[in-house]
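The values are calculated or read from the model by the stated rules, or taken from the named source; none is laboratory data. Not measured: the values here are computed from a predicted model. Counting neighbours? That spans all protein chains shown, and the Cβs are built from the backbone with ideal geometry, glycine included.
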Amino acid sequence: MPQKEEQIVVEFCNAWGDGATARPDVNKIISMFAEDGVWQLWVPAGPTFKGRDALRSEIDRQCGFSTFMHCGITKMVSSGRNVVTERVDHFTMHGIRVEHALMAIYEIDAGGKIAAWREYFDTADIGKQLGMLPDTVIAG
């Protein structure tokens, strides 16, 4: 039986969409964060968003140019309130279907909310698929 923290992460990832029809459930995603939750988009050089307003703004921004998102968990391990996922995610950006591998670390607080979320992935790989330079990937 998965730990409570793992179930939270699975529910969170599922809220991003099924990759085919469903759009991200932004309200659900935001509600799963602690009030002062933090998302580091990619480690080490990516931007960090703190607080629900900043998180919502970034998710809304991404939804403006990305569609058909899917967080494909392939492996998950946890220890206490920390959950690590290995994923193969998919999304469509500027009409191009992108597949990228990543690792994500989630810290779940005592109330069952995501206090921190850090993603580790290769922006050059995404840029190559989109025909973009790695530094321009974040700009959408």
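The table for this structure:
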read-out	value
The range 79-103, residues that are closer than 20 Å to Gln7 by Cβ, part of a strand (DSSP E or B) and out of contact with any strand residue (DSSP E or B) (no Cβ under 8 Å at 6 or more places or on another chain)	Ser79
So Ile29, is it closer than 27 Å to Ala110 by Cβ, of a type outside the set (Ser, Thr, Tyr), in contact with a Ser or Thr (Cβ under 9 Å, 6 or more places away or on another chain) and crowded, with 16+ Cβ neighbours inside 10 Å	no
Residues (modelled with pLDDT of 95 or more and over 14 Å from the mean Cα position of the chain (by Cα)) located in the range 26-49	Asn27, Ser31, Ala34, Glu35, Asp36
Flag if Glu99 is touching an Asp or Glu at 6+ places or on another chain (Cβ under 9 Å) and of a type in the set (Asp, Glu)	yes
Residue in the range 13-25 that is surrounded by 14 or more Cβ atoms within 10 Å (Cβ to Cβ), modelled with pLDDT under 95, of a type in the set (Ser, Thr, Tyr) and farther than 16 Å from Glu119 by Cα present	no
Close pairs (7 angstrom Cβ cut-off, 6 or more residues apart or separate chains): on the phi > 0 side of the Ramachandran plot in the range 20-36, exposed (fewer than 14 other Cβ atoms within 10 Å of the Cβ) anywhere	none
Number of the condition not met by Leu55 [criteria: (1) outside any helix (DSSP H, G or I); (2) crowded, with 18+ Cβ neighbours inside 10 Å; (3) in contact (Cβ under 8 Å) with a residue 24 or more places away in the chain; (4) under 13 Å from the mean Cα position of the chain (by Cα)]	(1)
Residue under evaluation Cys13, criteria (1) touching a Cys at 6+ places or on another chain (Cβ under 7 Å); (2) over 14 Å from Val84 (Cα atoms); (3) touching a residue at least 60 places away in the same chain (Cβ under 8 Å), criterion not met	(2)
Candidate set from the range 75-101 (those that are in contact with a Cys (Cβ under 9 Å, 6 or more places away or on another chain) and in contact (Cβ under 8 Å) with a residue 40 or more places away in the chain); member that is surrounded by the fewest Cβ atoms within 10 Å (Cβ to Cβ)	His90
